[in-house]
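**Student:** Next up is a structure, given as structure tokens.
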Amino acid sequence: MATVAERVQQRIDRGRTAQRREAQRFLRGNNPGTADIRLSTSDYLALAQDSRITAAMIAALRDPDQSGTRPLAPRLARYTHAAAAVVCQSGWEANIGLLQAITGPDIPVHVAECAHMSWRQAAVTATAPLHLFDDHDPGQLAEHIRTHGPGVIAVDAIDNTTGIRSPLTDLCDIAEATGSVLVVDESHSLGVDGPHGAGAVVALGLTQRIPFRTASLAKAFAGRAGLVTALDPDFARYFESVAYPAIFSSALRSHDIAGLAATLDVIQAADTRRARLREITHTVGNALTHIGFDSAGPGSHIVSIPAGTETDGLAVRAVLAAHGVAGTPFCSPATPRGRALIRLSLHAALTAGQIERIIDACERIHRR
């Protein structure tokens, strides 16, 4: 019988198959050049190099105790029309901590199949029964709840790989009809959708129907943190006392908090950038529909280019690279096997010439 050390080595060796090596080649790719169009981040409002944000972070680094940072969590709560907010170390930890705080072995968790992997891992951490459903089919969710019982429903407002939006209003109806609790990850809608970028839930008028929301502040906020919001004004104190990520992770540094506080100021005043992003989204979406693509989420700033296998994905990447376009590759386990894709994250700073290059590259891929 093999020893534990031998079984560990066998597990590692199984991960070194030809298929995995091809996946690693697909994921790694070449570093984009200075003239390339970088669509591989989720900096949708193009704020990563904003001087107002970097100045706030530099000031906090120089004098952490006198940085003048206003309390961030209460400001984020007001911004998202919530009663309470908790700032976490990442979006992953926000989702892990939330489900661990509100579920357990006696509360099923219904997770959208295309939702971020953190929701599944959160259910595992909470030792909650996990059930997957097609997030674009509310009827399937209703059937799952009839079979497995009401529980927590976890979805992403905008799918992080395809850009498709969840039918949040329909999901609210199902949650209320079955006595379930809907939680929504707004990582890719916060800062972009709604009044002053307050998110998709606010934009749809659903703030009082969705008890909990989460977000990664590494997307439109271009920072390094996560967010949990709640309708219960006392939830933050409870979360911080029971959620393992809040208890066992190091706190954010003062310059991270200062940068996020400055980013919130910038984002709230960035209506012009949001309007420009919507214009770019409309232009690219219409062009891809005309070309024949049906993979882009309607009205979404996330464009998904299907690639098939990882080997096919290398050919797709080569076409994009020839046009100077750099996207983000995804394959199993981030996508189902055989359904690799390249995500293009549109942003507000794209020029007309760059948009034309993006469309030209997609047209060439479609022809091939």
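The values are calculated or read from the model by the stated rules, or taken from the named source; none is laboratory data. Everything numeric here is computed off the predicted structure, so don't read it as measured data. With ideal geometry, Cβ positions are generated from the backbone for all residues, glycine too; neighbour counts draw on all protein chains shown.
**Student:** Has the stretch 77-95 got at least one residue that is in the same structural domain as Arg165 (by TED's automatic domain parsing), free of Cβ contacts under 8 Å to residues at least 12 places away in the same chain and surrounded by fewer than 24 Cβ atoms within 10 Å (Cβ to Cβ)?
**Tutor:** Here is the first cut: in the stretch 77-95, the ones in the same structural domain as Arg165 (by TED's automatic domain parsing) are 77-95.
Applying the additional criterion that residues be free of Cβ contacts under 8 Å to residues at least 12 places away in the same chain yields 78.
From what's left, surrounded by fewer than 24 Cβ atoms within 10 Å (Cβ to Cβ): 78.
Yes, because at least one residue in the stretch 77-95 is in the same structural domain as Arg165 (by TED's automatic domain parsing), free of Cβ contacts under 8 Å to residues at least 12 places away in the same chain and surrounded by fewer than 24 Cβ atoms within 10 Å (Cβ to Cβ).
**Student:** Looking only at the stretch 55-75, count every residue that is within 15 Å of Arg224 (Cα to Cα) and either in contact with a strand residue (DSSP E or B) (Cβ under 6 Å, 6 or more places away or on another chain) or loosely packed, with under 14 Cβ neighbours inside 10 Å (or both) and tell me the total.
**Tutor:** Result for the stretch 55-75: 2.
**Student:** I need the full set of residues from the stretch 140-186 which are touching a His at 6+ places or on another chain (Cβ under 8 Å) and among the hydrophobic types (A, V, I, L, M, F, W, C), in order please.
**Tutor:** Of everything in the stretch 140-186, those that are touching a His at 6+ places or on another chain (Cβ under 8 Å) and among the hydrophobic types (A, V, I, L, M, F, W, C) turn out to be Leu141, Ile145, Val152, Ile153, Ala154, Ala157, Ile158, Ile164.
**Student:** Can you name the number of the only condition in (1) at pLDDT 95 or above; (2) closer than 25 Å to Pro306 by Cα; (3) surrounded by fewer than 22 Cβ atoms within 10 Å (Cβ to Cβ) that Ser187 fails?
**Tutor:** (3)
**Student:** Looking at this structure, is Thr263 of a type in the set (S, T, N, Q) and buried (at least 19 other Cβ atoms within 10 Å of the Cβ)?
**Tutor:** Taking the combined requirement at face value, the residue satisfies it.
**Student:** Run His144 past the list (1) touching an Asp or Glu at 6+ places or on another chain (Cβ under 9 Å); (2) surrounded by 19 or more Cβ atoms within 10 Å (Cβ to Cβ) and report the number of the one that doesn't hold.
**Tutor:** Here His144 clears every test but (1).
**Student:** Among the residues of the stretch 284-337, count how many are of a type in the set (Ser, Thr, Tyr) and over 23 Å from the mean Cα position of the chain (by Cα). Outline the logic, then answer.
**Tutor:** To start, the set of residues in the stretch 284-337 that are of a type in the set (Ser, Thr, Tyr) comprises 289, 295, 300, 304, 309, 311, 328, 332, 335.
Add one more test, that the residue is over 23 Å from the mean Cα position of the chain (by Cα), and what stays is 289, 309, 311.
So the answer is 3.
**Student:** In addition: Restricting attention to the stretch 1-35, report how many residues are in a loop (DSSP other than H, G, I, E, B) and either closer than 23 Å to Arg278 by Cα or touching a residue at least 12 places away in the same chain (Cβ under 8 Å) (or both).
**Tutor:** 5
**Student:** Let me ask something additional. Against the definition (of a type in the set (A, V, I, L, M), more than 13 Å from Gly223 (Cβ to Cβ), in contact with a strand residue (DSSP E or B) (Cβ under 7 Å, 6 or more places away or on another chain) and modelled with pLDDT of 95 or more), how does Ala46 come out, yes or no?
**Tutor:** For Ala46, the condition - of a type in the set (A, V, I, L, M), more than 13 Å from Gly223 (Cβ to Cβ), in contact with a strand residue (DSSP E or B) (Cβ under 7 Å, 6 or more places away or on another chain) and modelled with pLDDT of 95 or more - is not met.
**Student:** Could you check, for the stretch 151-165, whether at least one of its residues is touching a residue at least 24 places away in the same chain (Cβ under 8 Å), more than 22 Å from Tyr44 (Cβ to Cβ) and under 14 Å from the mean Cα position of the chain (by Cα)?
**Tutor:** Within the stretch 151-165 (the criterion being touching a residue at least 24 places away in the same chain (Cβ under 8 Å), more than 22 Å from Tyr44 (Cβ to Cβ) and under 14 Å from the mean Cα position of the chain (by Cα)), the answer is yes, since at least one residue qualifies.
Rundown of residues vs (1) under 24 Å from Glu22 (Cβ atoms); (2) acidic (Asp, Glu); (3) touching a residue at least 24 places away in the same chain (Cβ under 8 Å); (4) surrounded by fewer than 23 Cβ atoms within 10 Å (Cβ to Cβ), yes/no style:
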site	(1), (2), (3), (4)
Thr311	yes, no, yes, yes
Pro329	yes, no, yes, no
Ala340	yes, no, yes, no
Leu350	no, no, yes, yes
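**Student:** Cβ-Cβ below 6 Å, separation at least six or inter-chain, first residue in the stretch 204-221 and in contact (Cβ under 8 Å) with a residue 40 or more places away in the chain, second among the polar types (S, T, N, Q): which pairs?
**Tutor:** Sorted first by the residue in the stretch 204-221, then by its partner, the pairs are Arg213/Thr229; Thr214/Asn95; Ala215/Ser187; Ser216/Ser187; Lys219/Ser42; Lys219/Ser187; Phe221/Thr263.
**Student:** Separate question: Across the stretch 154-186, what is the number of residues that are within 22 Å of Ala142 (Cβ to Cβ) and part of a loop (DSSP other than H, G, I, E, B)?
**Tutor:** The total comes to 7.
**Student:** Name the residues in the stretch 94-151 that are in a helix (DSSP H, G or I), among the aliphatic types (A, V, I, L, M) and farther than 26 Å from Thr162 by Cβ, would you?
**Tutor:** Result: Ala101, Ile102.
**Student:** Looking at (1) touching a helix residue (DSSP H, G or I) at 6+ places or on another chain (Cβ under 7 Å); (2) crowded, with 22+ Cβ neighbours inside 10 Å, which is the one condition that is false for Gly199?
**Tutor:** Going through (1) touching a helix residue (DSSP H, G or I) at 6+ places or on another chain (Cβ under 7 Å); (2) crowded, with 22+ Cβ neighbours inside 10 Å one by one, Gly199 breaks only (1).
**Student:** I would also like to ask the following. How many of the residues making up the stretch 36-87 are in contact with a helix residue (DSSP H, G or I) (Cβ under 8 Å, 6 or more places away or on another chain), among the basic types (Lys, Arg) and not in a loop (DSSP other than H, G, I, E, B)?
**Tutor:** Residues flagged as in contact with a helix residue (DSSP H, G or I) (Cβ under 8 Å, 6 or more places away or on another chain), among the basic types (Lys, Arg) and not in a loop (DSSP other than H, G, I, E, B) within the stretch 36-87 amount to 2.
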